[in-house]
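What follows is a short report on a single structure.
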Amino acid sequence: MIRSHFGLEHNPFAIDELSLLEHQREVFDTLRVHCQQGGLCIVVGEPGTGKSVIKRALCRHDEKRLLTPVVNRTLHTYHSILRILCEAFQIDTAGRDFRCEKRLIEEAHRINHQGKMLAPVIDDAHLMEVDSLRRLRLLFEDFPKNHNLILVAQPSLLQNLSLTVNDDIKSRITYSVLLPKLAPDDMQRFIQAELDRVALAHKTFTDDALSLIVRSSEGILRRARNLCISTLLEAVRDRTKTVGLPQVNRVLMQPHWRQETDLLNT
């Protein structure tokens, strides 16, 4: 609908096409370096700060040399996670846990002999039982040193790992990073860069509308993206090609936005 109304070839603010920002690029490059020597890396941040953007960039980067199996369903037992991991590696899931572990280790060595690197990603790792995480860490100890186990999580994971009982995991972390919220100027540059990507004029958003979007997003990329898409849809409804304060305010009046605003003001 937005593409048709504005005469675009690509969807603006498409989540699968978001480019890495400068600080995300730095994290991405560091993760790739750790893939060359074996690592346990943790990428944490509040919801919507860009963790998924980095994950997608890893999955799409040089697929001939870097394999990135992803486990998204972390609320399962170790038994189930092990089979999800086997599916990600495209190997047989039948048999007991020991057999699955053996096949995973063999596959990792086969990939190593081909000169490839591994970057398994455990998404939403803060939801995983620590015992399951510990068993996965022990499993990856038997992998060749061409892999980097990457845990993507909310900050609560670091709190759990800071407990003395979890020192065996924490002591093996080779790199960790906390993704920050964006400053207002950086958020504005992000929005304008996305407009440039789809060849949409900056003046599509009036100065007042852009300022309100930046302020209301509170430095969270996902909020800014959702606000921009919603306001563009409001512009389509109004049959205008300019997003102004009326369109932004109409979106911000929706219950989920009002609730967030009320909480921020208390």
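Straightening the chain between Lys170 and Asn249 buys 23.9 nm, computed as 0.36 nm per residue apart minus the Cα-Cα spacing. If you sort the three axes of the alpha carbon gyration tensor as a ≥ b ≥ c, you get a/c of 1.5 or more for segment 68-136 and a/b no higher than b/c, which makes it oblate.
Taking Cα Rg over 2.2 N^0.38 Å as the quantity of interest, determine which of (1) 0.91; (2) 1.16; (3) 0.99 was computed from the displayed structure. So the calculated entry is the one marked (2). When the chain is treated as a Gaussian network with alpha carbon springs shorter than 10 Å, the biggest mean-square fluctuation among Gln90, Gln36, Gln254 belongs to Gln254.
Oblate is the label for segment 33-89, because a/c, from the alpha-carbon gyration tensor with a ≥ b ≥ c as root eigenvalues, is 1.5 or above and a/b does not exceed b/c.
For Leu66, the amide hydrogen comes within under 5 Å of the amide hydrogens of Met117, counting only partners 5 or more places away or on other chains and with H modelled in the peptide plane. By the rule of a C-alpha distance below 19 Å, with chain neighbours fewer than 8 residues away ignored, the lysines paired with Lys55 are Lys64, Lys116, Lys181.
Taking the chain as a Gaussian network, Cα atoms linked when under 10 Å apart, which of Leu157, Leu75, Leu221 shows the biggest mean-square fluctuation? Of Leu157, Leu75, Leu221, the most mobile in the Gaussian network model is Leu75. The relative contact order of segment 1-116, computed from alpha carbon pairs under 8 Å that lie at least 6 residues apart in sequence, is 17 percent.
Would you mind telling me the share, in percent, of accessible area of the chain contributed by carbon and sulfur at probe 1.4 angstrom?
That share works out to 48 percent.
Placing pseudo-labels 7 Å out from each Cα toward the beta carbon at Leu163 and Glu9 gives an inter-label distance of 5.4 nm. Here is the list for segment 78-134: trypsin sites (Lys or Arg not before Pro) lying in DSSP coil, each with at most 15 other C-beta atoms within 10 angstrom of its C-beta, are Arg96. Summing +1 for each Lys or Arg and -1 for each Asp or Glu among the other residues whose beta-carbon sits under 11 angstrom from that of Glu46 gives +3. Close amide H partners of Ile42, meaning residues 5 or more places away or on another chain with modelled amide H under 5 Å apart, are Leu151, Tyr175, Ser176, Val177.
Shown are Met253, Met117, whose ranking by accessible area with a 1.4 Å probe and every protein chain present, most to least, is Met253, Met117.
The modelled label-to-label distance between Asp185 and Lys145, using points 7 Å beyond Cα along the C-beta direction, is 4.3 nm.
The values are calculated or read from the model by the stated rules, or taken from the named source; none is laboratory data. Just so it is clear, the structure is predicted and the values come from calculations on it, not from any experiment. Backbone-built Cβ (ideal geometry, glycine too); neighbour counts: all protein chains shown. Remember, those area values only see protein heavy atoms, side chains included, never the ligands or the DNA or RNA. Shrake-Rupley method; radii C 1.70, N 1.55, O 1.52, S 1.80 Å.
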